[in-house]
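The numbers here are math on the coordinates, done by the rules we state, and not lab data. In this text the structure is predicted, and so the values were computed from the model without any measurement. So basically every Cβ, Gly included, is an ideal-geometry build from the backbone, and we count neighbours across all protein chains shown.
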Number of protein chains: 2
Amino acid sequence: MSRDRIVAVALEQIDRHGLAALTVREVARQLDVYPTAIYWHVPNRDALLAAVVEQTMSGVTPDLGSATWQDWLRELFVRYRKAVGQHPNVAQLVGAQLVSNANLSPLLIDRILCVLLAAGCPEDHLADMYNVVIAGMVGFVTLEFAPLPTDDSANWAAQLQERVHSIRAMEFPTLARHLPALANKAFIVRWQSGSEVPMESAFNAHVEVTIAGIERMLEAPEPANAASPRRSRGSR
Amino acid sequence: MSRDRIVAVALEQIDRHGLAALTVREVARQLDVYPTAIYWHVPNRDALLAAVVEQTMSGVTPDLGSATWQDWLRELFVRYRKAVGQHPNVAQLVGAQLVSNANLSPLLIDRILCVLLAAGCPEDHLADMYNVVIAGMVGFVTLEFAPLPTDDSANWAAQLQERVHSIRAMEFPTLARHLPALANKAFIVRWQSGSEVPMESAFNAHVEVTIAGIERMLEAPEPANAASPRRSRGSR
DNA sequence: ACCTGAACACCGTTCAAGT
DNA sequence: ACCTGAACACCGTTCAAGT
């Protein structure tokens, strides 16, 4: 019965068996209905995905309280990660496909702009900084929750693990020396997704780096290209 | 004939018609061969994708020259963006699926670690900072090149554009006021991918923010949680 | 308005058989 | 070693028809 049930079942399916397992036909099966019945409520599979993303993202935008802009951004990043963490298999949709944009939330955008302006961002850098904020919010988490190959996940993990541990120490001495700190905890060198092994401390570092970087940028809006401090603000 | 031809054809197909159009059967068709012939050279579709990613990523790692760590990171980010920009539809594979990890490049990891250590990163923060670097390298670009929904892209773009322009100015005044600077140039508020409309200046801002943030972090490795400056370095 | 039922044009992958 | 050929168990989506 009706769209909401369909979206709920779809999200459940994604949570349990991954994005690839989300099939119009499977949703129909779950609802004891002919596959074609779905198409009366939802135009196509992409629209269903967009609806799922929308639901996942509801309530990430913090209120404009009395917090500093730094704290507001921290809160935004943390909330986004928490929301996606509840449905990790949705991460790739938000991060790597524009499907999600179908359900854009003007509220989020408006608030980010307000916060940036209040922080003293000059208007001619506003669009750039907005993009930096969105990328900072989405980028890390998309990577963190990136899914394993669907089929032979156990096998695949074993193989990657094997390959990691057989890295030649004389060819890559620095990597070899720090392998204990990296193995299964760092991008590229891990065989489990963030939904199984969270990357909390790296995420916190990422948040602090991003905020500190924005801080610096707002102080000196001109890119600090140390090599060529040739042209000044007025020259364009 | 043989794996290399297969991978080449696969990459071509992805470039021309997107990731969804990459089909084992289509590759076979292109090579005038039975679909099942592919399976003698490649174990399955995921392996084919991994091979494509590997080819795309070859040569992104800069040499360890005499550059500052800041310039080295800048160079890395720029090279990564350029490499992915040549095959934009591969972006989602690197950014949002661990398939890519199958072909990990120890060289890249080793060099990043070297550069971070040379920059004065303490060993107990090395893993975190490494993750920050990878996320900074991949995150923005993955978003920038995120593909549109496959099927009705023209239609979809028109609809989103319509929705963007019909944002109620009194509900979201800040967004409405800056819409000219954002429309089709900023995440969530655009209807074309970065492969059609590059986001160069935002990317540059992102690079500078990330580097400046890392700089700050290396100066004061303890997360500047302004609210609770309670525990010091020795307390754990 | 909402669903059934049949049909179309596809998939990835396995397995036996050919050369 | 490398490919053919048939087959299996799936897909998303359209369209006519039922109630």
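Which whole number gives the average, over all residues in B:118-128, of C-beta atoms from other chains lying within 10 Å of the residue C-beta?
Counting Cβ atoms of other protein chains within 10 Å of each residue's Cβ and averaging gives 3.
So for chain B, averaging the separation of alpha carbon pairs under 8 Å that are six or more residues apart and normalising by length, what relative contact order in percent results?
Across chain B, relative contact order equals 17 percent.
Go through A:50-56, B:63-69, A:21-27 and give me the packing order, highest mean Cβ count within 10 Å leading.
With the highest mean Cβ count within 10 Å placed first, the list reads A:50-56, A:21-27, B:63-69.
May I ask you to evaluate 6.51 cos²θ - 1.76 cosθ + 1.60, the Karplus curve with θ = phi - 60°, for each residue of region B:8-22 and list the ³J(HN,Hα) values in order in whole Hz, giving x for glycine and proline?
Calculated HN-Hα couplings, in order: 4, 4, 4, 4, 4, 4, 4, 4, 7, 10, x, 5, 5, 7, 6 Hz.
May I ask you to report, in nm to one decimal and beginning with the shortest, the distances from residue A:163 to the same position in the other copies, taking label points 7 Å along Cα-to-Cβ?
Output for residue A:163: 3.8 nm, nearest copy listed first.
Among B:58, A:105, A:100, A:166, which comes first, then next, by fewest other beta-carbon atoms within 10 Å?
So the residues, fewest neighbours to most, are A:166, B:58, A:105, A:100.
Rounded to whole Å, how close does chain A get to the rotation axis onto B by Cβ? Give me the residue too, please?
Nearest Cβ to the rotation axis, residue and whole-Å distance: A:139, 1.
Using the Karplus curve 6.51 cos²θ - 1.76 cosθ + 1.60 with θ = phi - 60°, what ³J(HN,Hα) values do you get for each residue of region A:49-64, in whole Hz, with x for Gly and Pro?
Rounded to whole hertz, the list is 4, 4, 5, 4, 4, 4, 4, 4, 8, 5, x, 7, 6, x, 6, 7.
How would chain A be classified by its alpha-carbon gyration tensor: rounded, prolate or oblate, with rounded meaning a/c under 1.5 and the a/b versus b/c comparison settling the rest?
The shape class here is oblate.
Over region A:150-192, what number does the Rg to Rh ratio reach, with both radii from the alpha-carbon atoms and Rh per Kirkwood?
Value, to two decimals: 1.02.
Kirkwood hydrodynamic radius, the protein assembly as shown, all distinct C-alpha pairs: what's the number in Å?
Averaging 1/r across every pair of different Cα atoms and inverting gives 23.4 Å.
Taking each residue in A:30-37, count the Cβ atoms of any other chain within 10 Å of its Cβ, then average. What number comes out?
0
What does the copy distance list look like for residue A:192, label position 7 Å along Cα→Cβ, in nm and ordered from shortest?
4.5
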